[in-house]
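To keep things clear, I will list the structure first and then write my remarks on it.
The values are calculated or read from the model by the stated rules, or taken from the named source; none is laboratory data. Predicted model, so just to flag it, every value in this text is computed and none were measured. Note that each Cβ is placed from the backbone with ideal geometry, even for glycine, and that neighbours are counted across all protein chains shown.
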Amino acid sequence: MVTTVEASADAADAADGATGERPVGRRAADAQTRNARLLSLTSRYGTLIFLGVLIVLFTVLSEIVLDDQRFFTGANLSLVLRQSAVLAILAGGLTIALILGEFDLSVAASLTLGGAMFAQFAQGTYVFTWPTIPFTDIGGGAVFGAGWQSSVLFAFVVALGFGLLLGLLNGVIVSYFGVTAFIATLGMAGIVEGYLIRLTDGRSVQLPKNVTDSAQGTLFDWRAPESWSWQIGSFSLDLTGLSIPLIALAAAAVLFMLWLLLNHTEAGRRMDAVGGNAEASRLAGINVQRYRLIAFSLCATVGAFAGIILASGRTGSAVTLVGNQSSYLLQAFTACFLGAVTLREGEFHIVGTVVGVALMTVTFSGLIILGVPGYAQTIANGAILVAALTFAGLARKAAMRS
């Protein structure tokens with residue numbers, strides 16, 4: 001009897017195949033599979049799709065609202081590259097800490113510290129001196145020579161050193177003293193701000209003109225010629241004046257090195273393992289404390305470099321109040337979390353962070369060109385993060401249900 005039933009079922013399937021029709025249950029299963037794949041692709045590539053939509057939207061709105069194409073132009077693309085450089089570097093450093101599951105709330109402080117110390121030494125207003133022995137004339141002179149300490153190279157190295165020191169303190173407090181990263185890094189940010197206020201009375205520090213002129217330059221001083229302008233139907237594409245800012249190249253170099261570290265070195269693979277499961281990593285013989293220390297040190301050092309780029313390549317001066325750079329804290333975290341829902345399922349990675357930075361910079365640039373007030377730009381910053389994460393989360397849940 002069983003054999004007869006199975007033979008009848010096989011005959012029915014064969015008949016369905018002969019008529020080119022598939023069983024209803026199988027068609028439903030295939031439809032669910034297709035929906036699951038579509039939702040999975042949407043959750044992974046949603047931010048990239050959204051970025052493309054924003055570029056098209058701002059390009060069209062610029063043409064309609066302003067009756068002039070001001071968004072997709074050579075000059076604005078160069079400006080977008082310049083504006084995104086600092087945030088890209090800062091978010092790249094923060095990505096390392098987030099990969100290990102740690103929140104570094106002192107990244108804005110490391111940015112401010114790096115820029116302020118670079119400006120202090122480049123101006124020659126701050127030098128390392130030997131301590132003076134009481135009641136004698138022994139000591140008190142410059143450790144490295146006052147003239148040499150005001151060189152740009154020395155200022156650069158020392159500024160990075162201050163960032164490294166901040167990262168080491170964060171790493172030791174969190175990894176070896178067991179303090180929660182949220183509390184430790186927030187406290188260190190306050191210490192840094194107090195130190196800088198004591199050092200400069202809260203005033204901004206101007207950088208030498210020769211430093212800013214060099215940092216604000218472009219690659220080979222090249223600019224796209226007037227021939228880089230085309231008329232496509234009623235749409236004009238004008239890339240005249242397009243240039244590649246040096247600070248954008250510096251950001252690309254830093255991000256590339258971080259990508260190499262995280263994806264093609266043993267240290268990067270171990271940091272990823274620690275972030276995935278710290279206890280399993282410890283049992284596997286990985287020194288979890290050491291890699292947390294490395295992550296915090298890299299995060300703060302890269303943040304200090306971002307501060308140097310901001311001071312020399314963007315503003316021409318360095319502020320000494322962490323609160324003045326606090327917007328970079330939210331922007332850096334937003335870029336990283338946007339990157340965590342790009343290409344991978346909830347994983348922080350450098351390529352995703354770059355996409356997040358591009359999405360934010362394009363949004364701000366488009367809103368500024370359209371004349372949207374500043375408070376709306378801040379609202380958009382938070383709205384983009386909430387919308388992107390919500391959309392990716394819903395798509396991922398729907399795909400799992402399917």
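Worth pointing out:
- Filtered by the rule that a residue be of a type in the set (Lys, Arg) and crowded, with 18+ Cβ neighbours inside 10 Å, the range 261-284 gives a lone residue, 270.
- The condition of being among the charged types (D, E, K, R) and within 21 Å of residue 97 (Cβ to Cβ) holds for only one of 314, 292, 223, that being 292.
- When each of 234, 214 is tested for being over 17 Å from residue 312 (Cβ atoms) and among the polar types (S, T, N, Q), the lone residue that passes is 234.
- The residue list 236, 227 contains one member that is loosely packed, with under 12 Cβ neighbours inside 10 Å and out of contact with any strand residue (DSSP E or B) (no Cβ under 6 Å at 6 or more places or on another chain), which is 227.
- Residue within the range 179-197 that is exposed (fewer than 15 other Cβ atoms within 10 Å of the Cβ), more than 26 Å from the chain's Cα centre (by Cα), at pLDDT below 95 and not in a helix (DSSP H, G or I) present: no
- Some residue of the range 328-338 being buried (at least 24 other Cβ atoms within 10 Å of the Cβ), in contact (Cβ under 8 Å) with a residue 12 or more places away in the chain and farther than 30 Å from residue 118 by Cα: yes
- Filtering the range 340-355 to residues that are surrounded by 22 or more Cβ atoms within 10 Å (Cβ to Cβ) and at pLDDT below 90 leaves 340, 341, 342.
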